[in-house]
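Here's the structure, in structure tokens; my notes come after.
What follows is calculated from the coordinates using simple rules that are stated; it is not laboratory data. Predicted, not measured: the structure shown is a model, and the values here were computed from it. Because the Cβ atoms are built from the backbone with ideal geometry, glycine has one as well, and the counts that use them run over all protein chains shown.
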Amino acid sequence: MVKKKSKETRGEKIIMSKLKKALAALVMASMALTIVPLNVFASDTVPTRLAGTNAEQTAVRIADQTGWTGTAILASSTSYGVVDALTSGPLAYYLKAPILLTGAGNILDAATKDELVKLNLTKVYVTSGTAVIRQGVLDELKAMNITVVPLGGVDRFETSVKIAQLMVTLGAPVTKVAVAYGWLTQDALSIASIASQASQPILLTDSAKLPEIVQEFLKENPGITTSDVIGGTGVINSTVLNQLPKPTRHSGITAYDTNDQVIKDFAGSLLFDRVYLANGVTGIDALSGAPLAAQTKSAIVLTDGVNSPAAGAFVKSRMSVNSIVTALGGEAVVTESQRNLVNAEDTSVQNAIIAQKLEDIANQNDIPPALVKAIAWMESGWKQYKSDPTTGQPLTDQPFISADGGIGIMQISPANYPEYDVARLKSDLDYNIEVGCQILNNKFRAYPKLGDGNRNVLENWYFAVWAYNAWTKENNPNYYTGQDAYQDKVFGLLGKKYNSAITFAPGATILPKALLPLTDPPNLSSCWSTPTPLHSGDLAFDPESLLMNGDFWYNYEIPQQPRGDYYVQALAFYNTFYNSPLVSSGDKEIVSQKILDTYSKLLDAADALVLENNATSYAIAAKYYWTVLQGPNLDSAIKNRAGSGYQNASAKANQS
């Protein structure tokens, strides 16, 4: 959702785009042109249902799919015992241990026992005390030379803490917890697969009081800095929420609406090649399926067994025709018709058309198409219109408008951008994409800079993508984790496309956290070197257009505006031109003179700002000097002048 308002427009750019020439796209052979959900499993190897004749046998089928051996979690399949295991998914995933079940008797379930033998298990973690999982079962396990590790507490709340503490003790990187109402199974199960992949323990609470055992755990683990609260105020009130570290609530009207909201809120960390569907009333199959779903970063959609799943429409919008929906449990708990309600329709042709439009308009605006596609997917799942609930096809007379007012594929907010035509934003896909690209370009120009401004270096767009969503502390990776930051989710999508983590994406080796403030966004005059390694985008170069845009900004002037800002923008186009392998050595010589001249002008602009003798001018001057320092092929005199100017301006800015 685009939230920050920008006063700049790019009407001039639209005019200049008419001068674009149809040149061959410069795209590395290994880089595909579209970002759509990739089916990482062959469809004939992925089951559409994992089921046995009872819950224990279903758990065995699920365990076989995980491929894990050696260790398991043993939980009770009884309605009163399942609550003890609600929070065991993250531990199971961390241990690479399937969740198996046993009933109420003194004898270990036969199917489960056979599975223990088949998987050559040597250790079993038991989630309930002997009042639920009988001593006879534990003795049977020990007779099989299996080490039994009890996890059961005096109640469900203590059990959740014991499981969480074990994760910490075993070395799991726990910095975040999920908190769910202890007397409702659906909320904990909604977050189970998501929390599992994030090494995020799930803690249980009462509605109006955070249990003391949970409070003690949080105090003893100060490294836990954020929390996800699952459910509305009807199940977890504000008193409890305010006792949690940096809480974020995820909720809907009903438990199934909450399941829908959780999947939406964490869509950036999920893949939709594979989706699991489970009965939320019994909950037992979703419990067993959580670690399996975490393996493929998949969501678990809950159904009440009667109505269409609340999360079905959103999940369907994110799936491709090759995505697989796997029902957990037999048709008595998840009917085939319900599974089909979640299945994606064939939208491959529609996606191909949208992908081409995104690519063409991105190139017209000199933005790497992969970046625009990732933002559009993050914003709307490439939806300009609502979808027919039966066919999944777009309803072109019903624009897609989100709850916070964002319109269409690029989620443009009329409240923040009143200068754009609202009717066209709703009805015209091309216009919606064009406006999104204009806004992104405005952010690229106005917000902190990375490196020499080369527009085809994906990392150089980091702060522009941050600002596209909202230039607020909520997108600072130091305030919320990288997985919560909008721009890191977008770069995470790019990382999936390129099969390697983009520098600023979650899981990458270099993050800008150390350079960022602890809470607020960085100052707009901030600058960073482009990190290494960097990733080239898939921008189709039009050298003539790049030069014309560079010249446009070199000569652009608005009274009372810092002149250097436009030199910085001109350099971005000139440097992108210079680095293009499509450009001849002779043309590079021509543009190199333009680059040197622009750097010289930028130095003059910086010197003039220093003479204004105020904190703002010093800060902006420091940015200009720093930009010159990043310039390639500059002689030592220019570098020395920029270096001394940067030190002087920075020192004065800090003193003011």
When all Cα-Cα pair distances of segment 256-322 are considered, the percent exceeding 14 Å is 54
Counting only residues 5 or more apart in sequence or on a different chain, those whose built amide H sits under 5 Å from that of I324 are R274, V275
Once both label points are put 7 Å beyond Cα along the C-beta direction, the D520-Q165 separation in nm becomes 4.1
Its Cα gyration tensor gives segment 120-266 an equivalent ellipsoid whose semi-axes in whole Å, largest first, are 29, 16, 15
Contour minus Cα-Cα span, T248 to D551, at 0.36 nm per residue, comes to 104.4 nm
Here FRET efficiency (C-beta to C-beta, K118 to T225, R₀ 41 Å, nearest 0.05) is 0.50
Given backbone amide H placed at 1.01 Å from N, residues whose amide H is under 5 Å from that of R49, ignoring those fewer than 5 places away on the same chain, are A327
Here the relative contact order (percent) of segment 46-134, from C-alpha pairs under 8 Å and at least 6 apart, is 37
The alpha-carbon pair-distance distribution computed for segment 543-655, with 5 angstrom bins and whole-percent values, is 2, 13, 23, 21, 17, 12, 7, 3, 1, 0
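At a Förster distance of 35 Å, what's the computed FRET efficiency of T48 paired with T233, Cβ-Cβ distance as r, to 0.05? Intermediate results must be reported in sequence, preceding the final value.
Values: r = 38 Å, r/R0 = 1.08.
After rounding, the FRET efficiency stands at 0.40.
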Over the Cα atoms of segment 52-152 the radius of gyration and the largest Cα-Cα distance (Dmax), both in Å, equal 11.8, 31
Between the modelled labels at V281 and Q65 (7 Å from Cα along Cα→Cβ) the distance in nm is 2.2
Looking only at aspartates and glutamates whose Cα falls under 13 Å of K316's and that sit 8 or more positions away or on another chain, we get D260, D273, E345, D346, D388
Quick shape summary for segment 78-136, equivalent ellipsoid via Cα gyration tensor, semi-axes whole Å in descending order, reads 18, 16, 9
Once amide hydrogens are built 1.01 Å from N within the peptide plane, the residues lying 5 or more places from S387 or on another chain with amide H under 5 Å from its amide H are L395
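Take the cross-link list K264/K449; K219/K489; K588/K652; K176/K623; K297/K383 and give me the ones stretching past 28 Å between alpha-carbons.
Numbers: K264/K449 31 Å; K219/K489 30 Å; K588/K652 38 Å; K176/K623 36 Å; K297/K383 22 Å.
Where the Cα-Cα span goes over 28 Å, the pairs concerned are K264/K449; K219/K489; K588/K652; K176/K623.
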Output ordering of 158-167, 291-300, 422-431 (per-residue mean of other Cβ within 10 Å, highest first) is 291-300, 158-167, 422-431
1/(1 + (r/R0)^6) with r = Cβ-Cβ of A208 and E612, R0 = 51 Å, i.e. FRET efficiency to nearest 0.05, evaluates to 0.35
